[in-house]
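Working notes, beginning with the structure itself.
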Amino acid sequence: MPSFDRAAFLLSAPSLKQCPPDLGAEVAFVGRSNAGKSSAINALTRNGKLARTSKTPGRTQLLNFFELDSERRLVDLPGYGYAKVSERIKLEWQENLTQYLEERASLRGLILLADVRLPLQPFDLNFIDWAHQAGIPVHLLLTKADKLKRGPANSNLLKIMAGLKNLGLEETVTGQLFSSTKKTGLEELKTQLTEWLEVINPDQEED
Ligand code: GDP
């Protein structure tokens, strides 16, 4: 398992051209603003500074890369949830995001964060649809699970997953409950990330 608490800020990229070399493996985090993305990245890396990086003015529209080790990265896609920007900037962002999803070879999976108390929003469903078309798996992190009792939280998880199955998306999306405050679901998240971030040694691949 990578040591998530060694994550260090690498760079902010305004477009695909400025991303670090497309080698090794990376997993990107997305979510509408207030979904709990910064808190989740904070809980995972135990580094409050990292999550704040993406809220620094000027970095809100970019891809922010955090390095775990020389071959593995976490990526924060802050612009996805950023509401207070013009339509022109939103369109520009969408183009960059689509290009990133379609062309980034080292992108192994997406962590989509959404509040467990709400149904998935059009933005979330659009995003899952893009990922589905680009053939990239999505792991849904239903955040703020501590705000519901266990029964209702589980039933919301089941309802959301059943809705995705009805849309034919069950092979693209997995899901779990999560709470940054209580740290519930943290091990399950780490297991998913570790699976995606496994780097295949080219020498072994040839055998
Ligand atoms: P972001 O905009 O997606 O990065 O969201 P933040 O991580 O900044 O969280 C938005 C708000 O929700 C903040 O007030 C957080 O304290 C709160 N929050 C985030 N995660 C949790 C959680 O797991 N439980 C509870 N109770 N509150 C949370």
17 Å Cα-Cα reach of Lys55 towards aspartates and glutamates, excluding residues that sit fewer than 8 places from it in its own chain: Asp76
Solvent-accessible area per residue for the chain (1.4 angstrom probe, square angstrom): 53
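Please give the per residue volume of the convex hull enclosing the alpha carbon atoms of the chain, rounded to a whole number of Å³.
Values: hull volume 25.9 nm³, N = 207.
It comes to 125 Å³ per residue, whole-number rounded.
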Environment charge at Leu16 (Cβ cut-off 12 Å; Lys +1, Arg +1, Asp -1, Glu -1): -2
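Using a 1.4 angstrom probe on heavy atoms only, work out the carbon and sulfur share of the accessible area of the range 133-207 in %.
Working: 2300 of 4630 Å².
Taking all protein chains in place, the range 133-207 shows 50 percent carbon and sulfur surface.
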Projected area, mean over directions - the range 84-206, Cα convex hull, nm²: 9.5
Contact order relative to length of the chain, as percent, for alpha carbon pairs under 8 angstrom and 6 or more apart: 24
Spatially proximal aspartates and glutamates relative to Lys183 (Cα-Cα < 18 Å; intrachain offsets below 8 disregarded): Asp5, Asp115, Asp146
Mean ellipticity per residue at 222 nm, deg cm²/dmol - from DSSP H runs of n ≥ 4 across the chain, formula -39500 (n - 2.57): -11500 deg cm²/dmol
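The values are calculated or read from the model by the stated rules, or taken from the named source; none is laboratory data. Values in this document were obtained by computation on a predicted structure and should not be read as measured data. Please note: Cβ atoms are built from the backbone with ideal geometry, for glycine as well, and neighbour counts cover all protein chains shown. Side chains included, ligands, DNA and RNA excluded: accessible areas come from the protein's heavy atoms. Shrake-Rupley method; radii C 1.70, N 1.55, O 1.52, S 1.80 Å.
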